[in-house]
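To start, the structure under review is shown below, and the notes come after it.
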Amino acid sequence: MSNLLKNIFSGFGKIGGGREDSAVGVDIGSSAIKVVEIKKKGGKAVLETYGAISLGPYADQDSGRVTNLPVEKIVLALQEVLKQSGVTGTNLALSIPIQSSLIFTLTLPAEMNDAELSTIVSTEARKYIPVPITEVSVDYFILPKKESSFEEMNSGDSSLEQINKINVLVVATQNDAVAKYKSVISQCDLNASFFEVEIFSSIRANFEHELSPVLLIDFGASRTKLSIVEFGMVKNYHTIDRGGADISNSISKSLSIPFAQAEKMKKEFGLFGDSTEKSLADIIRVHIDYIFSEANNVLLGYEKKYNRTISKVIFTGGGSLLKGLSEVAVNNFRAEVEIGHPFSKVEAPAFLEKVLSAMGPEFAVALGLALRKLQ
């Protein structure tokens, strides 16, 4: 996948100067498809429309269930959400699910030219990729260096050795995943401008100009994704195999109710609980405590390794809309906690402000894709 990381973090807020006047971002998730269309008007990004469709019914399951649909079913769902949301653009930008990718960092000698770096990255990447290298597309980006203090430079040989190293972010994406989404777009009689691993789209939509390290927690249906971002770049990535669908499933089994009812109760009451069903909050809390515990382990491990303090935790993804999540998070993290507001990056009618603020995290990936396309 060529240019996967090219200009991912450039031009925040600088919508003017792009080559296209409209952009459509499409996030095909495990439980829903989200679309966002924005246009450039007067040098600003303006929201045209957005929409979402649950994929559960296309697998003869309840909404909110995790699915693994064949191409033909995804085509039907995408066509429907584009139609219902009134999207007019035909050239789309699509996300690639993180489960179809592998993200890791290599530490390499600083003294080498581009050709040598490319060869070494390809060779070293094979040690991390559990499938034949021919089955993936590999891209990489040299991470910016943190300036060393006088004390660090004079604290011993290990620090000096680190100064002569570079950290390279490597992304390996399964070719089959890209081929699958190319087939979806082709069968919809549409075109794809580019494909991008979802985490980078989410970062673009949620970040401004953060200089200190930030932990981005993306609450999805099937998994929760953790990214530590510094200077606009992913420095650490971790996946927790637990998401919103797992919570609903636990509620369903514990209370002996249908999944659809459990999903409704989760969204309606969340961690605040239901006065008529005392155990609801406790069932949800078990999962949230596990996710937060894993997140803290990642956070503390990063701080210890790099001697850098995480200043902020940003929640995104549909699961971040769970009621009471922020209140519980405040007692779990030694950092500022906030819910992402991706739609703040685009202009929209004032009467939609509250709606977009409340729904924003769910559309972060789709909006991030559209923003890149419009830049």
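We did not get these values from a lab; they are worked out from the coordinates using the rules stated. Model, not experiment: these values are computed from the prediction. Cβ coordinates were reconstructed from backbone atoms using ideal geometry, including for glycine residues, and neighbour counts include every protein chain displayed.
Going by a ≥ b ≥ c, the root eigenvalues of the Cα gyration tensor, does segment 41-93 fall in the rounded group (a/c under 1.5), the prolate group (a/b larger than b/c) or the oblate group? Judged from the Cα gyration tensor, segment 41-93 comes out prolate (a/c at least 1.5, a/b above b/c).
The lysines within cross-link reach of Lys267, meaning a Cα-to-Cα straight distance under 21 Å and a gap of 8 or more places when in the same chain, are Lys34, Lys225, Lys253, Lys278, Lys323, Lys354. Based on alpha-carbon atoms, the Kirkwood radius and the radius of gyration of the chain give Rg/Rh equal to 0.97. Can you return the lysines within cross-link range of Lys305? Criterion is Cα-Cα under 18 Å, with same-chain partners fewer than 8 residues away left out. Straight-distance partners of Lys305: Lys145, Lys146, Lys165, Lys235.
By the helix-only formula, in which each DSSP H run with n ≥ 4 contributes -39500 (n - 2.57) and the sum is divided by residues, the chain has a 222 nm mean residue ellipticity of -11000 deg cm²/dmol. Under 17 Å from a label point 7 Å along Cα→Cβ of Ser293: give me every residue in segment 308-344 with its amide N that close. Only 329, 331-333 fall inside the zone, counting backbone N under 17 Å. Give the aspartates and glutamates whose C-alpha is closer than 20 Å to that of Lys182, dropping any in the same chain fewer than 8 places away, or say none. Cα-Cα hits under 20 Å: Asp27, Glu37, Glu72, Glu80, Glu135, Asp139, Glu196, Glu198.
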